[in-house]
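First comes the structure, then the notes that go with it.
The values are calculated or read from the model by the stated rules, or taken from the named source; none is laboratory data. Everything quoted here is computed from the prediction, not taken from an experiment. Neighbour counts run over all protein chains shown; Cβ positions are idealised from the backbone, glycine included. Ligands, DNA and RNA are stripped out before the accessible areas are found, and what is left, the full protein with its side chains, is counted by its heavy atoms. Shrake-Rupley method; radii C 1.70, N 1.55, O 1.52, S 1.80 Å.
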Amino acid sequence: MATYREMSKQELEALLCDLQKEYEGYKAKGLKLDLSRGKPDKAQLELSMPMLDVLSAADVLAGEDGTDARNYGVLDGLPEAKKLMAQILELAPEQVFVGGASSLNLMHDCMGLGFLHGYPGGNGGWYKEGKVKFLCPAPGYDRHFSVTEHFGIELVSVPMTGEGPDMAEVERLVADPAVKGIWCVPKYQNPLGLTFSDEVVRAFARLSPAAGDFRIFWDNAYNVHDLYPGEGDQLLNLMDELKATGKEDMVLMFSSTSKITFAGSGISAIGCSAANMAWVKKHFGFQIIGYDKVNMLRHVKFLPDIAAVKSHMVKHAQLLRPKFEAVRNTLEDNLGETGVASWTNPRGGYFVSLDILEGCAVRTIALCKEAGVVMTGAGAPFPYGKDPEDKNIRIAPSFAPLGEVKQAAALLCLCAKIACVEKLLG
């Protein structure tokens, strides 16, 4: 079969006519499908329902150190919760601050406090320095970018490679003292699904930014989210590498149980050096006396250690894997020989990234919407929501039932083919 680029104008016109007829058939079905957000589905949430039964009014609601979980206090979290999140982050318990349900909330607060007060090693609040910049590997996580933009910080795009961010470009950019940090999702990155290589992690540890208060926001959201348990990607421990270079203050690590237990009722954590921990406690102490310790107890009784977490995540993988494989197979069957598309095959996380012919993503998403399939907006994984090549589409297979995932993926492929043929004819 000839690829689309190899076809004559007449062949493309005939193909487009056939594709449009098929598309009209989809429109007539009145579909209402959604592949837009990486949320756990109901079956995944059901896996954690037993957690609601691990505590009762008859229990002594106290931590292992005797702390009454119902009362005020313990800003950085119960000791057993710190141990659990430390195992997930691959850190020591004393390096972990346990928060509420949302790691995004912790990231927002750390960004805002940096903007207002600055970090150790700097000259106070970033706002005092005029223009402030933050590096945004792209395609990346849209909510990271919107948090930064919310504070009026300039977003600087950094290209992603097959191993992680383009570290030569990062090294060049951090020579500017206005650059105060970089966003990273180092394992099963949103949306590419790739894991940073050992060399990329070591390159982060070697960075010598001009800004003394430069911080790597290391959002390790998917560290235990393997689709193929026992065969998942391995991520080098950045904190260990930074310790070797004497630069452990340069990173703030984040994680949560949001896609492990209940997405809206989990616990979250910051992992950091002793200096950063003192900073976190100082500033967070003005806004809260202590997070939900009863929920921390609930989590550690349900998931007492990393072995229990990994066993629980096998159940998640069993539910997620068929959906990801359905997307992969549908893309291969429908776009594999067209020559106008490529996609990622992640071994974990929550997303698949599809690249099509340049200038066709917006049109594809619009066609999907018209036929009843909601996708993440074209450009969302890029700073300011603008994909300079208009070619990237993020696919989130987790939330919809498997049958709907297959149907939505097939329609997405059809819309992509229509958009690409129109582009070639145009």
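Quick grid of which residues meet (1) surrounded by fewer than 15 Cβ atoms within 10 Å (Cβ to Cβ); (2) under 27 Å from PHE351 (Cβ atoms):
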| position | (1), (2) |
| --- | --- |
| LEU15 | no, no |
| ASP18 | yes, no |
| SER36 | no, yes |
| ASP41 | no, yes |
| LEU52 | yes, no |
| GLU64 | yes, no |
- Listed by first then second residue, the pairs whose first member lies in the stretch 266-295 and is acidic (Asp, Glu), whose partner is surrounded by 12 or more Cβ atoms within 10 Å (Cβ to Cβ) and in a loop (DSSP other than H, G, I, E, B), with beta carbons under 9 Å and at least 6 positions apart or on separate chains, are ASP292/ALA69; ASP292/GLY100; ASP292/ALA101; ASP292/SER265; ASP292/ILE267
- Of those in the stretch 56-81 that are hydrophobic (A, V, I, L, M, F, W, C) and not in a loop (DSSP other than H, G, I, E, B), the residue nearest to SER256 (Cα to Cα) is ALA81
- Item | Residue list for the stretch 120-149, filter: touching a His at 6+ places or on another chain (Cβ under 8 Å) and open to solvent by 10 Å² or more (accessible area, probe 1.4 Å) | GLY124, VAL147
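Does PRO346 satisfy the condition of being more than 20 Å from GLU163 (Cα to Cα), under 17 Å from the mean Cα position of the chain (by Cα) and open to solvent by less than 50 Å² (accessible area, probe 1.4 Å)?
Numbers: more than 20 Å from GLU163 (Cα to Cα): no; under 17 Å from the mean Cα position of the chain (by Cα): yes; open to solvent by less than 50 Å² (accessible area, probe 1.4 Å): yes.
The answer is no for PRO346.
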- Task: Kindly establish whether GLU163 is in contact with a helix residue (DSSP H, G or I) (Cβ under 6 Å, 6 or more places away or on another chain) and charged (D, E, K, R).
- Result: yes
- Query: Pairs under 7 Å by beta carbon, first residue among the aromatic types (Phe, Trp, Tyr) in the stretch 190-211, partner buried (at least 23 other Cβ atoms within 10 Å of the Cβ) and part of a helix (DSSP H, G or I), six or more apart or different chains?
  - Reply: PHE204/LEU238
- Message: Just to be sure I understand, how many residues within the stretch 379-404 are part of a loop (DSSP other than H, G, I, E, B) and hydrophobic (A, V, I, L, M, F, W, C)?
- Response: 5
- Message: For LYS131, only one of the following conditions fails: (1) farther than 14 Å from ASP213 by Cβ; (2) of a type in the set (Lys, Arg); (3) over 23 Å from the mean Cα position of the chain (by Cα); (4) part of a helix (DSSP H, G or I). What is its number?
- Response: (4)
- Pairing a residue in the stretch 83-99 that is within 14 Å of LYS293 (Cα to Cα) with any residue that is open to solvent by less than 10 Å² (accessible area, probe 1.4 Å) and among the polar types (S, T, N, Q), where Cβ atoms lie under 6 Å and the two sit 6 or more apart in sequence or on different chains, gives GLY99/SER268
